[in-house]
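Beneath this line is the structure, given in structure tokens, with notes to follow.
The values are calculated or read from the model by the stated rules, or taken from the named source; none is laboratory data. Since the model is a prediction, treat every value here as computed from it, not as a measurement. For neighbour counting, all protein chains shown are included, and Cβ atoms are generated from backbone atoms with ideal geometry for every residue, glycine included. Quick note on the areas: whole protein, heavy atoms, side chains included, nothing else; ligands and nucleic acids left out. Shrake-Rupley method; radii C 1.70, N 1.55, O 1.52, S 1.80 Å.
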Amino acid sequence: QSMSLFVSPAQTAAWRKQIFEQLSERSKREMDNFRHYEQAIEQSVWVKKGSM
Amino acid sequence: MADDKDVLRDVWFGRIPACFTLYQDEITEREAEPFYLLLPRVSYLTLVTDKVKKHFLKVMKPDDVEEIWFEYEGTPLKWHYPIGLLFDLYASNTALPWSITVHFKNFPQQDLLHCPSNSVIEAHFMSSIKEADALKHKGAVVNEMQKKDHKQLWMGLQNGLCCDELCLVQRGGFWTALISSLFRHSCATLFISTTSNRPFIQKLFRPVSLDGHPHTLGDLLKEVFPAAVPQNDGQKKYQVVIHGIEPMLETPIQWLSEHLSYPDNFLHISIIPAPSD
């Protein structure tokens, strides 16, 4: 038996927008003031190959 | 508005600032300074704390060193859960940096699995991937993978590759297939933190209802842990946290599984008491 909530387009925009905003706030909260900390793992070097 | 791929990037590049201090009863040759580190949310504690171990070993006598383990406010931290999940579950409403205590003695065998080497973490990680694939795709993806594909996937996580990069480097598109939206069930694990105990509930959940409507986070909670759904009076007893954020209950489970699953392919959800103020 279905028990799904009806999700309107406006609500879709709302949840997506809220996730983007919260992730941005999370980055500020958890990373912006601590960028001078050492990284536990150094970011891998990602080499992109291509031709001009 | 940002692209959905930005969400994946934020999730995979999430870092938690941590301050490691040595347990007061550990015997040292001189004072142990705290050690500060940015921990990747999607990795595992014992995989990314070599620097911490080396730092504290400098002040300890070799005879006083046994297996390292970590604790937060009296709770041993289970290395086999991702770091972000541990933080959300135990420390999400506390001041940063996250204060973690380091132990080299009295390993709590009843609470933690031993982790003598990274190969144990690798085995655990690959076993989680296989379990998720069995539930989502009936094992169709992992069964096709060769040993070198497994290694490549593991090395990707170990070296901090993000989701996009794994898609690019994996031969045969295995990673793309693993996280593909064409799955029958979402693998959601709800970790519930209450004052009395800390159970977890693993739940297979269809992303779409029988009549074709997308199931939402609210639907999942109603079925598995209804107390986490705010009552009609708007009172919120619990926070429902994934990767440090509280998605709205209208968020479709399908989208959450695709974008907020951990690298082990499980959607780990922390349910914690709402702050009282």
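Structure values in brief
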{"item": "Any hit, the stretch B:105-113, residues being under 22 Å from B:Pro263 (Cα atoms) and buried (at least 18 other Cβ atoms within 10 Å of the Cβ)", "result": "yes"}
{"item": "Filter result for A:Val47 (at pLDDT below 90 and either touching a helix residue (DSSP H, G or I) at 6+ places or on another chain (Cβ under 6 Å) or more than 7 Å from chain B (Cβ to nearest Cβ) (or both))", "result": "yes"}
{"item": "Unique residue being away from chain A (no Cβ under 12 Å) and open to solvent by 40 Å² or more (accessible area, probe 1.4 Å) when the list is B:Pro62, B:Pro76, B:Pro82", "result": "B:Pro62"}
{"item": "Considering residues of the stretch B:219-259 that are loosely packed, with under 15 Cβ neighbours inside 10 Å, part of a helix (DSSP H, G or I) and not charged (D, E, K, R) only, the residue nearest to the other protein chains (Cβ to nearest Cβ)", "result": "B:Pro226"}
{"item": "Selection from the stretch B:181-212 of residues that are modelled with pLDDT of 70 or more and polar (S, T, N, Q)", "result": "B:Thr189, B:Ser193, B:Gln202, B:Ser209"}
{"item": "Meets criteria (in a loop (DSSP other than H, G, I, E, B) and either open to solvent by 60 Å² or more (accessible area, probe 1.4 Å) or out of contact with any His (no Cβ under 8 Å at 6 or more places or on another chain) (or both)) for B:Ala134", "result": "no"}
{"item": "Total residues in the stretch B:85-104, condition closer than 27 Å to B:Ser261 by Cα and open to solvent by less than 10 Å² (accessible area, probe 1.4 Å)", "result": "7"}
{"item": "Residue count, the stretch B:261-277 (criterion: more than 16 Å from B:Gln202 (Cα to Cα) and among the aliphatic types (A, V, I, L, M))", "result": "2"}
{"item": "Subset tally (residues that are in a loop (DSSP other than H, G, I, E, B) and surrounded by 14 or more Cβ atoms within 10 Å (Cβ to Cβ)) for the stretch B:1-33", "result": "6"}
{"item": "Some residue of the stretch B:196-218 being without any contact (Cβ under 8 Å) to a residue 24 or more places away in the chain, of a type in the set (Lys, Arg), surrounded by 13 or more Cβ atoms within 10 Å (Cβ to Cβ) and touching a strand residue (DSSP E or B) at 6+ places or on another chain (Cβ under 6 Å)", "result": "yes"}
{"item": "Selected residue (only one of B:Val120, B:Val52, B:Val42 is within 19 Å of the chain's Cα centre (by Cα) and either assigned to a helix (DSSP H, G or I) or surrounded by fewer than 16 Cβ atoms within 10 Å (Cβ to Cβ) (or both))", "result": "B:Val120"}
{"item": "Neighbours by Cβ (under 8 Å, 6+ apart or cross-chain): first from the stretch B:243-271, closer than 16 Å to B:Pro226 by Cα; second in a loop (DSSP other than H, G, I, E, B) and of a type in the set (S, T, N, Q)", "result": "B:Ser270/B:Ser92; B:Ser270/B:Ser193; B:Ile271/B:Ser193"}
